[in-house]
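The next block holds one structure in the form of structure tokens; read it before the comments.
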Amino acid sequence: MKPEPVFDGHNDLLFQLWREGDREGRSFFEGRPRGHIDLARMQAGGLLGGLFAIWTPNGANAIDEDDLVIFPPVEADRARRAMFAMAATLIRMAAARPDAIRLCRSAVEIDAAVSVGAVAAVMHVEGCEGFGPDLDELHVLHAAGLRSLGPVWSRDNIFGCGVPFRFPAGPDTGSGLTDAGLRLVRACDALGVMVDMSHLNEAGFWDVARISDRPLMATHSNAHALCPSSRNLTDRQLAAIAERRGIVGLNFAVRFLRDDGRADRDTPLTLLVRHIEYLVERLGEGGVAFGSDFDGALTPRALRGADALPALLQVMRDAGFGETLIRRIAWGNWLDFLRRRLG
Ligand code: ZN
């Protein structure tokens, strides 16, 4: 039996390939036993598409102060080289094996990729340290297929302040977007590049909500009411996303799911379902989807890769979710959102 199709709001495969020196993405096609994602496991789990993040790697080591981990700013040239290297890997992968993976610029192109059995990849930049204030890199990458970005990761850059990882803590951790950050959001709106609110602190979140009139998107964040991590969304933020017919992708990282914030693999899949139920209550049935953080985070033991996705859908079924709602959360809601944003 074919697995239920899944579209996912966030994975870090491109960073892992970069870290491993695999610039052609060979291991994606041949198999990556240690990571969460490769072609065979995506097909086995029904993971037919997603936002493929170009995560800007940290420069210096994180500074660990008590419970607070601070990531220092990243030097721009180093960030730019890594960003273009990861973009080039995705472009090479799609050029080498269009039967297996395609770079998609719209929902129409996603439908076309899936219809020939190829994985549909949407290019996303997570943390814009590789962009200068003139935004030249944004325009070049947009022409190369970029359709989504988060202005900041969980550290500060010229565009704004990312939310540091704190627990328990709220997302209100400092100032919001800079003037360059406001210009970046406006440029994204003009180009048709989606702006991701995951990793923004609360002030930055409200800045984006204020200056953009587009539907709001948090690709990989959970409910703060169930897991009080600074990375999760408060009820007020969820209400704003709901009001703007936005979307939230459920993050599978145990630290953003558990009410004790612990990095414990023995986290039951029923906890993911509790977050989904809560998010559906706040956002409606059309506002909730997945944002796995595969290849970027510690996930539950029962969800150690894309091939395990049918197990999550089964736990949703066991919890009383109907097939129509499961299909919307797994696939339809992302596609509807992307159709509205990208055509
Ligand atoms: Zn992230």
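The values are calculated or read from the model by the stated rules, or taken from the named source; none is laboratory data. Every value quoted in this text rests on a predicted model; they were computed, and no experiment measured them. Every residue, glycine among them, receives a Cβ derived from its backbone with ideal geometry; neighbour counts consider all protein chains shown. For the accessible areas, the whole protein counts, side chains as well, though only heavy atoms, and no ligand, DNA or RNA atoms are used. Shrake-Rupley method; radii C 1.70, N 1.55, O 1.52, S 1.80 Å.
Probe of 1.4 angstrom, ligands and nucleic acids ignored: what's the accessible area per residue over the chain, in square angstrom? Let's see the in-between values first.
Working: 13080 Å² over 343 residues.
Per residue, the chain has an accessible area of 38 Å².
On the protein heavy atoms, probe 1.4 angstrom, tell me the percent of accessible surface of the chain carried by carbon and sulfur.
Numbers: 6620 of 13080 Å².
After summing per-atom areas, the C and S share lands at 51 percent.
Over the chain, what is the relative contact order in whole percent, taking alpha-carbon pairs under 8 Å and six or more residues apart? Don't skip to the end; give the middle numbers.
Numbers: 772 pairs, mean separation 65.6, N = 343.
With pairs under 8 Å counted, the relative contact order is 19 percent.
Sort largest first and round to whole Å: the equivalent ellipsoid semi-axes of region 190-265, each the square root of five times a Cα gyration tensor eigenvalue.
Details: eigenvalues 114, 29, 20 Å².
Ellipsoid semi-axes (Å, largest first): 24, 12, 10.
Can I get the semi-axes of region 263-343's equivalent ellipsoid? Compute them from the C-alpha gyration tensor as square roots of 5 times the eigenvalues, in angstrom, largest first. Could the numbers behind the result be given before it?
Numbers: eigenvalues 95, 49, 27 Å².
For region 263-343, the ellipsoid semi-axes come out as 22, 16, 12 Å.
Could you give the length gained by full extension between Q314 and I211, i.e. 0.36 nm per residue of separation minus their alpha carbon distance, to one decimal place? Walk me through the numbers before you get to the answer.
Values: separation 103, 0.36 × 103 = 37.08 nm, distance 4.02 nm.
Residue separation times 0.36 nm, minus the Cα-Cα distance, leaves 33.1 nm.
With a 1.4 Å probe and all protein chains in place, put E109, E30 in order of accessible area, largest first. Write down the numbers at each step before the final one.
Numbers: E109 70, E30 145 Å².
Largest accessible area first, the residues go E30, E109.
From the backbone phi of region 82-93, what are the Karplus-calculated ³J(HN,Hα) couplings (6.51 cos²θ - 1.76 cosθ + 1.60, θ = phi - 60°) in whole Hz, Gly and Pro given as x?
Result, ordered by residue: 5, 4, 5, 5, 5, 4, 5, 4, 4, 5, 5, 4 Hz.
Binned at 5 Å from 0, what are the whole-percent values of the Cα-Cα distance distribution for region 1-63, short to long?
The percentages, shortest bin first, are 4, 16, 24, 23, 17, 8, 5, 2, 1, 0.
Would you work out the Kirkwood radius for region 75-158? I mean one over the mean of 1/r across all pairs of different Cα atoms, in Å.
Working: mean 1/r = 0.0737 Å⁻¹.
One decimal place: 13.6 Å for the Kirkwood radius.
How big is the C-alpha Rg of region 117-269 next to the rule-of-thumb value 2.2 N^0.38 Å, as a ratio? Please list the in-between numbers first.
Numbers: Rg = 15.4 Å, N = 153, 2.2 N^0.38 = 14.9 Å.
Normalised Cα radius of gyration, region 117-269: 1.04.
Relative contact order (percent) for region 125-241, with alpha-carbon contacts under 8 angstrom and 6 or more residues of separation? Write out the running numbers ahead of the final one.
Details: 222 pairs, mean separation 30.1, N = 117.
Averaging sequence separation for qualifying contacts and normalising by length gives 26 percent for region 125-241.
Sort 8-18, 172-182 by packing, meaning the average of other beta carbons within 10 Å per residue, with the highest value first.
Working: 8-18: 26.3, 172-182: 17.5.
Result, highest mean first: 8-18, 172-182.
If you average the sequence gap of Cα pairs under 8 Å that are 6 or more apart and divide by the length of region 264-343, what percent do you get for the contact order?
Values: 55 pairs, mean separation 30.1, N = 80.
Reported as a whole number, the value is 38 percent.
Report the full-extension gain for the segment D179 to R23: residue separation times 0.36 nm, less the Cα-Cα distance, to one decimal in nm. Could you put the intermediate results ahead of the total?
Working: separation 156, 0.36 × 156 = 56.16 nm, distance 3.48 nm.
Full-extension gain reported as 52.7 nm.
What value does region 1-147 have for Rg/Rh, both radii from Cα atoms and Rh as Kirkwood defines it? Intermediate values should be presented prior to the final figure.
Working: Rg = 16.1 Å, Rh = 16.1 Å.
Rg/Rh: 1.00.
Suppose we look only past 14 Å in the calculated P(r) of region 147-208. What percent of the Cα-Cα pairs does that tail hold? Please list the in-between numbers first.
Working: 925 of 1891 pairs.
I get 49 percent for the Cα pairs in region 147-208 exceeding 14 Å.
How big is the dipole moment of the chain about its Cα centre under a simple scheme where the beta carbon of each Lys and Arg is +1, that of each Asp and Glu is -1, and everything else is neutral? Debye, nearest 20, please.
On the way: 39 positive and 45 negative charges, 160 e Å.
I would put it at about 760 debye.
If each DSSP helix of 4+ residues adds -39,500 (n - 2.57) and the sum is divided by the residues in the chain, what number results at 222 nm, nearest 500 deg cm²/dmol?
Values: 13 runs with 129 residues, N = 343.
Calculated at 222 nm, the ellipticity per residue is -11000 deg cm²/dmol.
In whole Å, what are the Cα extents of the chain along the three principal axes, biggest one first?
That gives 51, 44, 38 Å along the principal axes, largest extent first.
Which peptide among 275-284, 228-237, 110-119, 153-162 comes first, and what is the full order, when sorted by highest mean count of other Cβ atoms within 10 Å? Could you put the intermediate results ahead of the total?
Values: 275-284: 19.1, 228-237: 20.9, 110-119: 17.0, 153-162: 22.9.
The most tightly packed comes first, giving 153-162, 228-237, 275-284, 110-119.
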